[in-house]
1. I'm checking my understanding of the structure. Among residues of region 112-136 that are more than 17 Å from the chain's Cα centre (by Cα) and polar (S, T, N, Q), which one is surrounded by the most Cβ atoms within 10 Å (Cβ to Cβ)?
2. Please list, ordered by residue number, the helices (runs of 4 or more DSSP H) wholly in region 1-111 having 2 or more residues that are of a type in the set (A, V, I, L, M) and over 18 Å from the mean Cα position of the chain (by Cα).
3. Check VAL56 against each of (1) surrounded by 13 or more Cβ atoms within 10 Å (Cβ to Cβ); (2) within 30 Å of GLU136 (Cβ to Cβ); (3) assigned by TED's automatic domain parsing to the domain that holds LEU128 and name the one condition it does not meet.
4. Going through LYS12, LYS23, LYS47 one at a time, which residue ends up being outside the structural domain of THR137 (by TED's automatic domain parsing), out of contact with any helix residue (DSSP H, G or I) (no Cβ under 6 Å at 6 or more places or on another chain) and surrounded by 15 or more Cβ atoms within 10 Å (Cβ to Cβ)?
5. So PHE94 clears everything in (1) buried (at least 16 other Cβ atoms within 10 Å of the Cβ); (2) without any contact (Cβ under 8 Å) to a residue 12 or more places away in the chain; (3) assigned by TED's automatic domain parsing to the domain that holds LYS13 except one condition, right? Which one?
Amino acid sequence: MIKNEKQYKISKKKFTDTVAEIKRVKEATDQDPLRNKLLVAALMNVKENLDHEITVYESLKNTPPKTLAERMIAELPSILTEFKIITGLTQKEFAEILGVKEQQLQRYEADNFKGVTFKTLLKFLDVLGLEITIKETRLNKSRKKVARQRNTPQRH
């Protein structure tokens, strides 16, 4: 995920360079055609991934500030980066709001906030005024099985 303007600009440049490289390889006749076909396929994959990331970032930048998508709890940390992008905050401004040093925020973002404790994550969400809502969900078969196992006496 592109997390800031610097990464966005770098990704845009990589996208342009990748498009140019695809064109160059397609036009190259001095190399093995199979090699070129494989190289083009790999470059197309890179291009598609970059295009997707750029599109997501641009979409977030153009999202009204009060709209954040529903997500699974494992994806909850990404809401912090999305909030920063949507509100147009700089790294420094966001770090100040969260009450952490800018370098610490950079480390958190580099790891997609996976090193943040749940308690700290809740604190950050609270500081930003973001609410967590637990949605009613149906138990699937694996959850029912776990529930039955917990209620079944163990035989020794």
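1. Residue satisfying both the conditions and the ranking: THR120.
2. 5-27, 33-61, 91-98
3. If we test VAL56 against (1) surrounded by 13 or more Cβ atoms within 10 Å (Cβ to Cβ); (2) within 30 Å of GLU136 (Cβ to Cβ); (3) assigned by TED's automatic domain parsing to the domain that holds LEU128, just (3) comes out false.
4. LYS12
5. (3)
The values are calculated or read from the model by the stated rules, or taken from the named source; none is laboratory data. Values in this document were obtained by computation on a predicted structure and should not be read as measured data. Glycine also receives a Cβ, built like all others from the backbone with ideal geometry; neighbour counts cover every protein chain displayed.
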